[in-house]
Amino acid sequence: MDMNQYLEIFIDESKEHLQTINEQLLELEKNPNDLSIVNEIFRSAHTLKGMSATMGFEDLANLTHQMENVLDGIRNHKIQVIPELLDVVFAAVDDLEAMVNSIAEGGDGKRDVREVVQQLKQIEQGELPTTQTKQETAPAASVLTQTYGEFEYNILQESKEQGFNAYEIRVKLRADCLLKAARVFMVFEVLNEAGEVIKSNPSVELLEEEQFDQEFLVTLVTKEPGEQLQQRISKVSEVEEVVVAPIDMEQLKIAQEQAEQAAVLQEEVAATIVAEKEEQKEESKEKEATHKNATTNKTIRVNIERLDILMNLFEELVIDRGRLEQISRELNHPELHETVERMSRISSDLQNIILNMRMVPVETVFNRFPRMVRQLARDLGKKINLEIIGAETELDRTVIDEIGDPLVHLLRNAIDHGIEMPEVRRAKGKPEEGTVKLKAYHSGNHVFIEIEDDGAGINREKVLQKAINKGIISKQNAANLTDKQVYELIFASGFSTADKISDISGRGVGLDVVKSTIESLGGSVTIDSEEGIGSTFSIQLPLTLSIISVMLVEIQNEKYAIPLSSIIETAIIRKEDILHAHHQKVIDFRGKVVPLLFLKDVFEIPSVKEEEDFFSIVIVRKGEKMAGLVVDSFIGQQEVVLKSLGNYLTSVFAISGATILGDGQVALIVDCNALIK
């Protein structure tokens with residue numbers, strides 16, 4: 001019987017149990033004598049072990065079983081909870097997560113976990129675990145972590161007979177690697193030069209689309225020695241670890257036979273599961289009959305692809321709604337007008353329901369940070385308390401998917417550059433333990449995420465000097481900058497105030513990647529800091545990216561849409577109100593000098609109308625900066641569906657997408673962030 005029907009449930013529930021284990025281990029470190037926490041971890045581990053064994057993922061079940069033995073020793077007072085012990089348990093959980101992710105990506109969930117198993121056994125026997133650094137790790141012995149089809153197995157056999165070596169190669173990229181697909185390409189170049197790739201896990205297509213975490217597994221036949229392969233791959237930038245394991249063909253033959261036996265066993269297990277589920281259904285029917293009058297909150301799991309399809313269909317409905325509204329206005333028929341108004345109200349309610357269905361708590365992103373902060377603090381020898389506030393705040397899934405990496409970078413920055421060493425904090429009269437607050441909250445149609453630390457703050461002079469040395473700003477302009485403007489400089493490309501480059505804070509890449517990612521989501525990021533007191537990075541994000549409110553404007557005979565989230569206000573000015581400063585046309589807007597951008601010149605729109613004595617201006621902002629966009633006329637406010645321009649038009653300047661209007665015309669959506677320098 002096909003086990004795939006249970007696979008999705010297994011993956012979801014496994015991830016939930018692993019998240020519980022992670023959270024409770026952090027609590028256990030704070031309260032090492034609290035046995036209720038140990039029992040909670042044990043329950044999740046035990047359930048995960050049973051599920052894994054039932055589904056046939058033996059490596060996963062065996063590692064969980066070994067971890068269970070250690071937990072049992074803790075709750076029976078045979079093993080004492082110390083940070084070194086928890087380091088090993090956390091490493092085991094990382095391996096379990098990697099196995100589950102492998103299964104989710106279509107892999108077999110196999111992994112070389114001999115080292116962590118050995119450490120867990122040492123703990124179980126009352127010994128402190130011994131570890132090897134990655135540089136000292138000897139080439140791995142033969143261990144099979146991939147399964148092979150008959151065709152692949154025959155190729156390996158024939159290659160061996162012709163004098164080729166067969167290796168399984170596990171490559172792990174750095175956690176902060178920004179261009180994973182590029183690194184994979186470079187690794188495959190080395191592999192293809194050395195021999196022939198027989199299999200990769202995940203598949204090459206998934207690797208190219210960056211649909212994997214940090215690790216991937218490749219089977220290679222070559223005449224090159226394993227040590228030489230390991231050295232060549234290790235030279236690829238941002239590769240953290242390479243393990244080259246020779247394949248023993250006798251062991252492979254045994255594994256193939258065992259796989260066939262396991263398939264037969266799996267069918268028997270599946271039949272048992274089906275029988276148990278039928279019994280559970282009957283029991284649940286009886287319970288439902290007994291409690292049919294009770295009120296309960298019922299939930300179902302819905303595949304996100306179905307929600308995406310629903311959202312796409314509704315987007316088409318929004319376009320048709322706009323068309324109907326325009327027809328109704330043109331015909332001016334009372335009954336039609338009334339019907340269209342009613343349909344608009346209903347579709348607006350439907351829109352809110354669909355958008356809410358796609359909303360996900362930021363907790364799904366925040367959950368991984370306590371572990372990360374704990375490890376970074378131990379690596380740096382710092383004491384750090386992470387406070388998470390507002391984890392229940394919800395964002396659209398499309399936004400959630402993108403904000404993880406920028407938040408990781410900002411947290412690493414706060415821990416590495418912000419929080420001082422314990423002895424330095426003590427000398428300043430601060431508590432030895434630094435505090436990093438991660439806060440999320442709603443405000444209007446936006447979500448704000450703040451990362452606040454009580455560290456050293458930003459040194460104004462150091463930032464200015466670095467900016468001058470990098471040629472980002474001149475000495476003359478530096479003296480006139482406000483503190484806010486100085487802080488903005490650290491977002492410049494290639495800027496870094498690190499005294500030494502470290503793996504933790506991003507190897508001197510700077511924060512420009514964070515800023516560009518946030519702005520690509522239609523958001524903004526600002527900094528507030530006080531030297532010696534601390535810093536706060538504030539990120540503003542839209543609730544959703546698919547349906548946005550815009551101001552429609554006309555430029556010559558073309559229509560453009562400007563997102564309302566970027567607009568401060570609109571105005572009409574006279575020709576004589578335009579001034580000139582630094583070879584730039586500007587206006588005096590409420591006491592501030594605001595530069596003007598003529599959109600017909602920016603987008604090279606052919607002139608078909610004569611220039612008038614009055615100009616329509618849309619005042620837009622990007623953080624603290626403002627600009628006035630000059631258009632011919634305002635059409636009005638409207639909700640539109642944001643459509644991508646596709647792969648062939650990715651580099652169009654200052655255009656973030658397009659929308660279809662009620663009359664069937666296409667209006668381009670202006671990217672205000674790209675226009676304001």
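Yes/no per residue for (1) in contact with a Leu (Cβ under 8 Å, 6 or more places away or on another chain); (2) crowded, with 16+ Cβ neighbours inside 10 Å; (3) modelled with pLDDT of 80 or more:
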| residue | (1), (2), (3) |
| --- | --- |
| T137 | no, no, no |
| T145 | yes, yes, no |
| Q162 | no, no, yes |
| N165 | no, yes, yes |
| L173 | no, yes, yes |
| L179 | no, no, yes |
| E196 | yes, no, yes |
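Yes or no: V593 among the β-branched types (V, I, T), farther than 23 Å from V652 by Cβ and part of a strand (DSSP E or B)?
On the way: among the β-branched types (V, I, T): yes; farther than 23 Å from V652 by Cβ: yes; part of a strand (DSSP E or B): yes.
It is true that V593 is among the β-branched types (V, I, T), farther than 23 Å from V652 by Cβ and part of a strand (DSSP E or B).
What tally of residues in segment 622-640 results from selecting those that are modelled with pLDDT of 85 or more and not polar (S, T, N, Q)? First the steps, then the outcome.
Of all residues in segment 622-640, those modelled with pLDDT of 85 or more come to 626-637.
Keeping just the survivors that are not polar (S, T, N, Q) gives 626-632, 634-636.
Residues flagged as modelled with pLDDT of 85 or more and not polar (S, T, N, Q) within segment 622-640 amount to 10.
Could you grab me the full set of residues in segment 320-367 that are within 30 Å of P83 (Cβ to Cβ) and either free of Cβ contacts under 8 Å to residues at least 12 places away in the same chain or polar (S, T, N, Q) (or both)?
T364, N367 - these are the residues of segment 320-367 that are within 30 Å of P83 (Cβ to Cβ) and either free of Cβ contacts under 8 Å to residues at least 12 places away in the same chain or polar (S, T, N, Q) (or both).
Kindly list the number of the only condition in (1) in a loop (DSSP other than H, G, I, E, B); (2) in contact with an Asp or Glu (Cβ under 9 Å, 6 or more places away or on another chain) that fails for E610.
Condition not satisfied by E610: (2).
For the structure I just gave you, tell me whether V486 is at pLDDT 80 or above, under 18 Å from the mean Cα position of the chain (by Cα) and either more than 21 Å from N413 (Cα to Cα) or outside the structural domain of N312 (by TED's automatic domain parsing) (or both). Talk me through it step by step, then tell me what you get.
Values: at pLDDT 80 or above: yes; under 18 Å from the mean Cα position of the chain (by Cα): no; either more than 21 Å from N413 (Cα to Cα) or outside the structural domain of N312 (by TED's automatic domain parsing) (or both): yes.
No, not satisfied.
Tell me which of these K600 doesn't satisfy, since it passes every other one: (1) in a strand (DSSP E or B); (2) at pLDDT 85 or above.
(1)
Only one of L229, L207 is within 13 Å of R170 (Cα to Cα), crowded, with 20+ Cβ neighbours inside 10 Å and either aliphatic (A, V, I, L, M) or modelled with pLDDT of 85 or more (or both); which?
Details: L207 fails: within 13 Å of R170 (Cα to Cα).
Sole residue among the options that is within 13 Å of R170 (Cα to Cα), crowded, with 20+ Cβ neighbours inside 10 Å and either aliphatic (A, V, I, L, M) or modelled with pLDDT of 85 or more (or both): L229.
Need a quick list: strands (runs of 3 or more DSSP E) entirely within segment 515-565 having at least 2 residues that are modelled with pLDDT of 85 or more, within 21 Å of A440 (Cα to Cα) and out of contact with any Lys or Arg (no Cβ under 7 Å at 6 or more places or on another chain). Before the answer, list the steps.
On the way: elements: 524-530, 534-542, 547-555, 558-563.
Here the list reads 524-530, 534-542.
Residue under question is A654, and the condition is that it be in the same structural domain as I605 (by TED's automatic domain parsing) and under 30 Å from L310 (Cβ atoms); does it hold? Step through it out loud before you land on a result.
Values: in the same structural domain as I605 (by TED's automatic domain parsing): yes; under 30 Å from L310 (Cβ atoms): no.
No: the conditions fail for A654.
Give me the pairs: first residue in segment 462-488 and over 18 Å from K625 (Cβ atoms), second residue exposed (fewer than 15 other Cβ atoms within 10 Å of the Cβ), beta-carbon distance under 6 Å, and six or more apart or on different chains, which are they?
I468/K475
Just give me the residues in segment 587-614 being in contact (Cβ under 8 Å) with a residue 40 or more places away in the chain and not charged (D, E, K, R), in sequence order.
Here is the first cut: in segment 587-614, the residues in contact (Cβ under 8 Å) with a residue 40 or more places away in the chain are 587, 597, 599-600, 602-603, 605-609, 614.
Listed by number, the residues that qualify are I587, L597, L599, V602, F603, I605, P606, S607, V608, F614.
The values are calculated or read from the model by the stated rules, or taken from the named source; none is laboratory data. Values in this document were obtained by computation on a predicted structure and should not be read as measured data. Cβ: placed from backbone, ideal geometry, glycine included. Neighbour counts: every protein chain shown.
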